[in-house]
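Down below is the structure, laid out as structure tokens.
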Amino acid sequence: MMNIQKLKLVMVLFISFLLVISLMMTPVHSAEIDQYIKMPKSTWEGDLGSAKSYVQVLEYGDYIGLNFRFFYPYNGNIGGAGLFPSGAHEGDWESVKILVNKNSDSIEQIRPSAHDNEHGWKSPSIFEYESGHPVIYSAEHSHANYWTEGKHTRLSGFGNDYTSKTHLWDIPNDNFIIINEQNTPWMDFQGRWGASGSTDAQDDCGFTCPNSPRFSSGYNWFIDVTNATQSSDITNLGEVDVTNAYLYAKEYAPVVYLQVNEQYFPSTVEWLLKQAPLKENGSVLLDVGELNSWSLVGKSSEIIPLDFTNYNTSAQSEITPKPTEDKDEVFELSALGSDTKDYVNKTIYINPQGNTYTFGVWLKTTDGSMNQQVSLRLRSQGNLNGGNGDHDFLVTFNVTNEWTYYSVSETFDEAADWIRTTIYPVGYQNSIGNVLASKPLIVQDMDFTSFNPSDFSEITPTSDVDKESSFELSALGIDTTDYMNRTFYINPDGKTFTFGVWLKTLNGSTNQTVSLRLRSQGNQNGGNGDNDQLVTFDVTDVWAYYTVTERFDVSANWIRTTIYPNGKQNGTGSILASEPVLSLE
């Protein structure tokens with residue numbers, strides 16, 4: 001018996017040695033060494049009830065590639081034949097890749113992840129199916145994915161996995177989010193998802209913590225199983241055709257079962273980030289409450305473009321893409337019963353304190369039907385405010401059979417964990433019905449305290465003018481470089497934005513020219529401007545709303561709104577302005 005124990009010990013040490021050598025040979029990305037998301041122990045159990053898979057949807061020729069990504073805040077100990085269990089670490093990214101043939105409308109191959117690359121591409125015939133969806137079994141603690149339940153022998157019995165058909169994760173039931181720049185800005189983070197092995201005293205990593213999923217969500221895996229020769233041959237449907245991306249993901253999404261003894265369940269990234277700090281070498285860069293999907297990558301959350309692939313439905317509602325409708329990215333929102341609890345909603349994990357947000361969406365009735373009531377709701381809640389709602393603002397509109405933009409605004413003056421946008425397709429108190437919706441958007445309202453004057457301009461509040469929050473904008477010289485501007489650090493590619501502002505001349509003076517400018521620029525486009533739209537208006541002594549609209553068709557690092565109070569080419573002069581707004585069409 002002693003010899004057997006010694007043999008097991010030797011084998012465990014040898015396997016550990018091989019794993020260390022493997023890690024030393026793994027490519028290292030510069031940011032990984034420095035920054036990491038620390039997973040507090042309170043998050044390790046995850047949140048299966050709200051968990052969603054993140055789906056990359058690619059197209060080339062006759063093929064659709066679906067890369068379903070699963071995030072677990074913690075990976076528990078496994079293996080060691082019960083003697084030296086190991087492998088525990090913070091953060092665990094898993095995946096199931098599915099290759100679909102569009103001509104036959106069938107799955108050709110499936111590749112479930114397991115301990116990096118232990119599984120290759122598999123025939124779909126070896127998988128079980130439920131309502132046409134492949135069944136995936138997630139192993140206890142390791143979350144390695146298999147196609148059968150039971151014991152899975154690994155490493156001569158020293159790294160066994162165990163699966164069972166117990167805890168259901170029903171991904172096809174709208175428990176997925178399409179990966180794109182709107183929904184998943186955190187994909188640009190290049191650091192580690194878990195403590196990085198630094199001087200942090202609470203470092204809970206075993207051998208490693210996972211790299212950013214961005215390094216494994218490229219196009220190479222799809223190129224390997226198609227005839228594509230380069231990334232430029234491939235279309236990312238999640239970016240250019242989100243409705244069809246949603247339809248493909250919903251049709252072929254796997255059903256996942258977690259093991260009976262599982263302690264560490266999946267969660268959304270957003271759920272994790274609101275409870276985690278960002279660290280570097282043991283020091284806190286962004287503390288709990290400061291970290292979210294945008295701040296993680298140094299982006300602004302002032303404009304939050306949404307799409308209905310990242311919305312949640314209740315048991316009394318559903319969301320159906322309508323790609324044949326007469327507007328881009330149209331979804332039909334349906335109320336199915338009398339329970340009015342959050343019919344169609346999206347939670348955004350930011351603290352809104354001190355800011356005004358506007359939630360807007362394009363709506364029209366279905367099939368040219370009669371006018372219909374639709375309610376929009378904007379509210380906040382969370383532990384920062386004792387678990388109570390800070391504000392809860394609901395407005396009901398009479399929607400017609402013509403596309404119209406409807407919005408609700410609210411100023412939040414108390415701390416909260418999140419804000420939530422909700423749509424009730426037939427009003428808050430009603431039951432069954434449908435409405436068509438497109439391009440929801442939430443915007444942190446602009447005001448001139450967030451604008452930047454140049455050396456040749458100034459911004460002065462004017463409390464005695466007959467409009468709330470009005471400011472006097474003054475041009476002080478002939479230098480026309482960005483008199484007063486506001487920069488938004490978002491990529492506008494493929495989107496149409498409108499910048500609008502209320503204007504009137506000063507002290508009842510005669511008409512005056514004012515120029516509005518909307519442009520983009522940045523390193524993504526070689527440092528050059530993508531679009532640069534400037535419009536000059538003849539402003540009168542009566543308040544009127546002026547706008548400039550532009551469609552952006554090339555990637556850029558930012559968009560900028562600029563106001564020239566006396567026209568772009570002119571010198572000194574002043575204008576009254578109020579309520580600037582940048583909106584996504």
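The values are calculated or read from the model by the stated rules, or taken from the named source; none is laboratory data. Predicted, not measured: the structure shown is a model, and the values here were computed from it. Counting neighbours? That spans all protein chains shown, and the Cβs are built from the backbone with ideal geometry, glycine included. Only protein heavy atoms, including side chains, enter the accessible area calculation; ligands, DNA and RNA are left aside. Shrake-Rupley method; radii C 1.70, N 1.55, O 1.52, S 1.80 Å.
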key: Among residues of region 574-585, those that are within 17 Å of residue 465 (Cβ to Cβ) and either buried (at least 19 other Cβ atoms within 10 Å of the Cβ) or without any contact (Cβ under 8 Å) to a residue 40 or more places away in the chain (or both), counted   = 6
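Give me a count of the residues in region 133-147 that are open to solvent by 20 Å² or more (accessible area, probe 1.4 Å) and touching a helix residue (DSSP H, G or I) at 6+ places or on another chain (Cβ under 8 Å). So that I can check it myself, show each step before the final result.
Keep residues of region 133-147 that are open to solvent by 20 Å² or more (accessible area, probe 1.4 Å), which gives 133, 140-141, 147.
Then drop every residue that is not touching a helix residue (DSSP H, G or I) at 6+ places or on another chain (Cβ under 8 Å), which leaves 133, 147.
Here the count works out to 2.
Name every residue in region 318-359 that is small (Gly, Ala, Ser) and closer than 30 Å to residue 287 by Cβ, in order of residue number. So that I can check it myself, show each step before the final result.
Keep residues of region 318-359 that are small (Gly, Ala, Ser), which gives 334-335, 337-338, 354.
The answer is 354, and nothing else.
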note = Condition set of a type in the set (A, V, I, L, M) and more than 17 Å from the chain's Cα centre (by Cα), scope region 277-319, selection modelled with the lowest pLDDT: answer is 315
remark   = The number of residues in region 102-115 that are under 15 Å from residue 133 (Cα atoms) and surrounded by 14 or more Cβ atoms within 10 Å (Cβ to Cβ) is 6
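Can you confirm whether region 400-417 contains a residue that is of a type in the set (S, T, N, Q), surrounded by 20 or more Cβ atoms within 10 Å (Cβ to Cβ) and touching a residue at least 40 places away in the same chain (Cβ under 8 Å)?
Among the residues of region 400-417, not one is of a type in the set (S, T, N, Q), surrounded by 20 or more Cβ atoms within 10 Å (Cβ to Cβ) and touching a residue at least 40 places away in the same chain (Cβ under 8 Å), which makes the answer no.
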task = Please specify each residue of region 158-183 satisfying the condition of being within 28 Å of residue 307 (Cα to Cα), at pLDDT 90 or above and among the polar types (S, T, N, Q).
result = 175
remark   = Across region 210-238, the tally of residues that are under 25 Å from the mean Cα position of the chain (by Cα), farther than 29 Å from residue 75 by Cα and open to solvent by 80 Å² or more (accessible area, probe 1.4 Å) stands at 1
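Can you tell me which residues in region 410-444 are charged (D, E, K, R) and either within 15 Å of residue 400 (Cβ to Cβ) or part of a strand (DSSP E or B) (or both)?
Start the filter on region 410-444 by keeping residues that are charged (D, E, K, R), which leaves 410, 413-414, 417, 420, 439.
Correct list: 410, 420, 439.
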key: Qualifying positions in region 107-143 - under 27 Å from residue 61 (Cβ atoms), touching a strand residue (DSSP E or B) at 6+ places or on another chain (Cβ under 7 Å) and assigned to a strand (DSSP E or B)   = 107, 108, 109, 110, 111, 112, 122, 129, 133, 134, 136
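Test residue 93 against the stated conditions and say whether it is open to solvent by less than 20 Å² (accessible area, probe 1.4 Å), closer than 20 Å to residue 54 by Cβ and aromatic (Phe, Trp, Tyr).
No: the conditions fail for residue 93.
Hey, which of the strands (runs of 3 or more DSSP E) in region 148-190, taking only ones fully inside, have at least 2 residues that are hydroxyl-bearing (Ser, Thr, Tyr)? Spell out how you get there, then give the answer.
Working: elements: 150-152, 161-163, 167-169, 176-178.
Answer list for region 148-190: 161-163.
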task = Tell me which residues, restricted to region 418-453, are more than 26 Å from residue 291 (Cβ to Cβ) and open to solvent by less than 30 Å² (accessible area, probe 1.4 Å).
result = 423, 424, 425, 426, 427, 433, 435, 436, 437, 438, 448, 451
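When only residues in region 70-87 that are more than 24 Å from the chain's Cα centre (by Cα) and open to solvent by less than 10 Å² (accessible area, probe 1.4 Å) count, which is modelled with the highest pLDDT? Full working, then the answer.
Restricting attention to region 70-87, the residues satisfying the condition of being more than 24 Å from the chain's Cα centre (by Cα) are 76-87.
Of the ones still in play, those that are also open to solvent by less than 10 Å² (accessible area, probe 1.4 Å) are 76, 80.
Numbers: 76: 87, 80: 49.
Ranking the qualifying residues of region 70-87, first place goes to 76.
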